[in-house]
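Trainee: Here it is, the structure, as structure tokens.
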Amino acid sequence: MRRDVRLGLGANLGQFTLLVIVNAFVGAMVGLERTILPAIAEQEFHLAARAAVLSFIVAFGVSKAFTNYLAGRLSDAIGRKRVLLVGWAIAIPVPFLLMWAPAWRWVIFANVLLGISQGLTWSTTVIMKIDLAGPARRGFAMGLNEFAGYGAVAVSALATGYVASAYGLRPEPFYLGVGYVVLGLALSCTVRDTHAHAHKEASDHPDRGIGLSQWALFLRTSFTDPSLSSISQAGLVNNLNDGMAWGLFPVFYAAAKLSLEQIAWLAAIYPAVWGVGQLFTGALSDRLGRKWLIASGMWIQALSIALLAASTSFAPFLCGAGLLGLGTAMVYPTLLAAIGDVAHPSWRASAVGVYRLWRDLGYAVGALLAGLVADLVGVGAAIWLVAVITGVSGGIVAIRMSETLRSAAR
């Protein structure tokens, strides 16, 4: 281990800032699809069933979820930077496939590649920032990471909506994706690996270095540890409602006679509030703790989804989308910080991978559930169901999870 390795944001400001910028380009790749892909499914490929329209989210969620798990293991085994570069390389064909796909199955394939790329790149930037930050300001570090990623989702979603309204649904909006890949890959080549920082923190916490097999670690993070399993289910439900929002909200807004520009604003305001809010909520969790910020954030999400389901015009839609962003901002960086609190540095990357496996399976579960319910009883009913599930998830956190901030200080 290098002797000059130091933990903390101040000691690693240059590398940390570079990773924040890299993650902005990672998020921008997802933003390419947030506004216009449901419209492409209906208008260009004539897909009527909601479950079929949302199939691209299922493909994205499943591939990203399992790649998250692999990314955590690979990051521990071969180093963080190599995983990051492979992730960007896999993203190279994605914008071209979305531009020129002759059939919907090509769009599905593009989303499989996008999910794999996101699993490798986003997971790795999270792990590297946790490594650099150390325990003292972990929540703030995760807030900055997720702010960059989801702020870029918002900007990209808004930009593609405006480009599509001016030039058409394809290919022009996806030209942006080519630039994202080129810049993200180029910047990632300059990143330094952070594996030594994890080893440094591990040496400071020898009493928590429990030897775990991969299966034991999976069971502990998923089911047996009350805090880790509460975090994992909350992450799954959070992305369940995000998957529903991604696939059904544009359709729901269009049914309310909103224009493509208005839909673009609504698709952008949710991740924008989510992104900016995390600058404050991540740091707030370092002061107030993780548990109640997560539980109350889930309940705010549930209320906001219910408001959206009950609305029929742009102004209440805007309020609901902003409130959903606020609730998600309270939850998202705090869940990651809590994982970092509980998991020992020697197996933390793998634990993050297991958590992100469950979290991003939520995209697939949400898209399938929302699509099937929407086809059976209507889009509004699907949105109401997701609101109820999100509220119940907050209750599980309140009952089962312990406060994890104290464990980080031990």
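What follows is calculated from the coordinates using simple rules that are stated; it is not laboratory data. Just so it is clear, the structure is predicted and the values come from calculations on it, not from any experiment. Cβ coordinates were reconstructed from backbone atoms using ideal geometry, including for glycine residues, and neighbour counts include every protein chain displayed.
Trainee: Run the dipole for the stretch 201-312 about the Cα centre, Lys and Arg Cβ at +1, Asp and Glu Cβ at -1, nothing else charged, and hand back the magnitude in debye, nearest 20.
Mentor: For this selection, approximately 260 debye.
Trainee: Using 10 Å bins from zero, what percent of all Cα-Cα pairs in the stretch 1-92 falls into each bin?
Mentor: 12, 32, 30, 17, 7, 3, 0
Trainee: If you don't mind, another one. Based on other C-beta atoms within 10 Å, arrange SER222, SER346 from fewest to most.
Mentor: Exposure proxy ranking, most exposed first: SER222, SER346.
Trainee: Go through 65-78, 310-323 and give me the packing order, highest mean Cβ count within 10 Å leading.
Mentor: 65-78, 310-323
Trainee: Just order 175-186, 152-163 by mean Cβ neighbour count inside 10 Å, highest at the front, would you?
Mentor: 152-163, 175-186
Trainee: To continue, here is another question. Can you list the residues, at least 5 places off or on another chain, whose amide H is less than 5 Å from the amide H of GLY289, using H built in the peptide plane?
Mentor: Amide H neighbours of GLY289, under 5 Å, 5+ apart: none.
Trainee: Right, next: Given a cut-off of 25 Å, what percent of all Cα-Cα pairs of the stretch 253-410 lie beyond it?
Mentor: 35
Trainee: Kindly give Rg over Rh for the stretch 109-179, based on alpha-carbon atoms, with the Kirkwood expression for the hydrodynamic radius.
Mentor: Ratio of gyration radius to Kirkwood radius: 1.11.
Trainee: Then there's this: Which whole-number percent gives the relative contact order of the stretch 226-371, counting Cα pairs below 8 Å spaced six or more residues apart?
Mentor: Averaging sequence separation for qualifying contacts and normalising by length gives 46 percent for the stretch 226-371.
Trainee: Further question on the same structure: Filter the cross-link list LYS64/LYS200; LYS200/LYS291; LYS129/LYS200 down to pairs whose alpha-carbon distance in this structure exceeds 23 Å.
Mentor: As for pairs spanning more than 23 Å Cα to Cα, those are LYS64/LYS200; LYS200/LYS291.
Trainee: Hey, another quick one. Take peptides 324-334, 283-293, 128-138 and line them up by average Cβ neighbours within 10 Å, highest first, as a rough protection proxy.
Mentor: So the order, starting with the most tightly packed, is 324-334, 128-138, 283-293.
Trainee: Under 8 Å for C-alpha pairs, at least 6 residues apart: give me the relative contact order for the chain, rounded to a whole percent.
Mentor: 28
Trainee: Based on alpha-carbon centroids, what's the gap between the stretch 220-297 and the stretch 334-410 in Å, whole number please?
Mentor: The two parts, judged by their Cα centres, are 10 Å apart.
Trainee: Which one of GLY340, GLY161, ALA71 is farthest out on the positive end of the charge dipole of the chain, using unit charges on Cβ (Lys, Arg +1; Asp, Glu -1) and the Cα centre as origin?
Mentor: GLY340
Trainee: Then there is this: Report P(r) for the stretch 341-410: all Cα-Cα distances, bin width 10 Å, range 0 to the bin holding the largest distance, values in whole percent.
Mentor: 17, 33, 29, 16, 6, 0
Trainee: Can you list which of the DSSP-assigned H helices in the chain have a Cα extent of 30 Å or more along the long axis and an average Kyte-Doolittle score of at least 0.0?
Mentor: Result, helices passing both filters: 13-34, 55-78, 104-133, 138-167, 226-255, 260-288, 314-342, 348-377, 379-400.
Trainee: With the Cα gyration tensor of the stretch 206-342 giving a ≥ b ≥ c as the square roots of its eigenvalues, does the rule (a/c under 1.5 for rounded; else a/b larger than b/c for prolate; else oblate) give rounded, prolate or oblate?
Mentor: Judged from the Cα gyration tensor, the stretch 206-342 comes out prolate (a/c at least 1.5, a/b above b/c).
Trainee: Counting only Cα, what are the radius of gyration and maximum Cα-Cα distance Dmax of the stretch 62-208, in Å?
Mentor: Answer for the stretch 62-208, Rg first and Dmax second: 17.3, 60 Å.
Trainee: Direction-averaged shadow area of the convex hull around the Cα atoms of the stretch 305-384, nm²?
Mentor: Spelled out: convex hull of the Cα atoms, projected over all directions, averaged, 6.1 nm².
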